[in-house]
Amino acid sequence: MVTKNRTLGKELTTTNSDIYTVPPRYTAMISSIVVSNASSSSVTFSLDWYDSSLAVYYTIAETTELKPNSILQITDAFILQASDKFRGLASANSAVTISVRVEEDYSVVT
């Protein structure tokens, strides 16, 4: 197995958008999620993950409030399979950013 470590970042908007999609033939572990509010107002954010094998979205956080100029870190690991997705949205554009640490394992099929 070949392992690759990545950190991904995205500015959330008011429309649900993909933050990370597991590539084909990979398994991924999201080990840290940092959500930050760079604005001077309170905002909310929502996160979920998509299980592609069941075609179901699972909520991680729903309209969770972030105080002005604050961060929230989630350190519980999420294990995702090929084609699974992690996505999010915020109550205001240009306010909330998210950083995700991902460890990808490539499965060599023989």
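Here are a few things to note about the model shown:
- Some residue of segment 77-84 being surrounded by 14 or more Cβ atoms within 10 Å (Cβ to Cβ), farther than 30 Å from residue 2 by Cβ and either among the basic types (Lys, Arg) or touching a residue at least 12 places away in the same chain (Cβ under 8 Å) (or both): no
Here's the yes/no breakdown for (1) among the acidic types (Asp, Glu); (2) under 18 Å from residue 13 (Cα atoms); (3) touching a strand residue (DSSP E or B) at 6+ places or on another chain (Cβ under 7 Å):
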position	(1), (2), (3)
47	no, yes, yes
54	no, no, no
57	no, no, yes
61	no, yes, yes
73	no, no, yes
79	no, no, yes
84	yes, no, yes
91	no, yes, yes
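- Residues that are among the aromatic types (Phe, Trp, Tyr) number at least 1 in the following strands (runs of 3 or more DSSP E) confined to segment 54-110: 56-66, 78-81, 85-90, 96-106.
- Criterion (within 17 Å of residue 94 (Cβ to Cβ), modelled with pLDDT of 95 or more and surrounded by 18 or more Cβ atoms within 10 Å (Cβ to Cβ)) met by exactly one of 47, 66: 66
- Residues in segment 44-76 that are of a type in the set (A, V, I, L, M), in contact with a Phe, Trp or Tyr (Cβ under 8 Å, 6 or more places away or on another chain) and in contact (Cβ under 8 Å) with a residue 40 or more places away in the chain: 47 only.
- Count of residues meeting criterion [in a strand (DSSP E or B), exposed (fewer than 13 other Cβ atoms within 10 Å of the Cβ) and among the charged types (D, E, K, R)] in segment 1-44: 3
The values are calculated or read from the model by the stated rules, or taken from the named source; none is laboratory data. Treat the numbers as computed from the prediction; the structure is a model and nothing was measured. We place every Cβ from the backbone using ideal geometry, glycine too, and count neighbours over all the protein chains shown.
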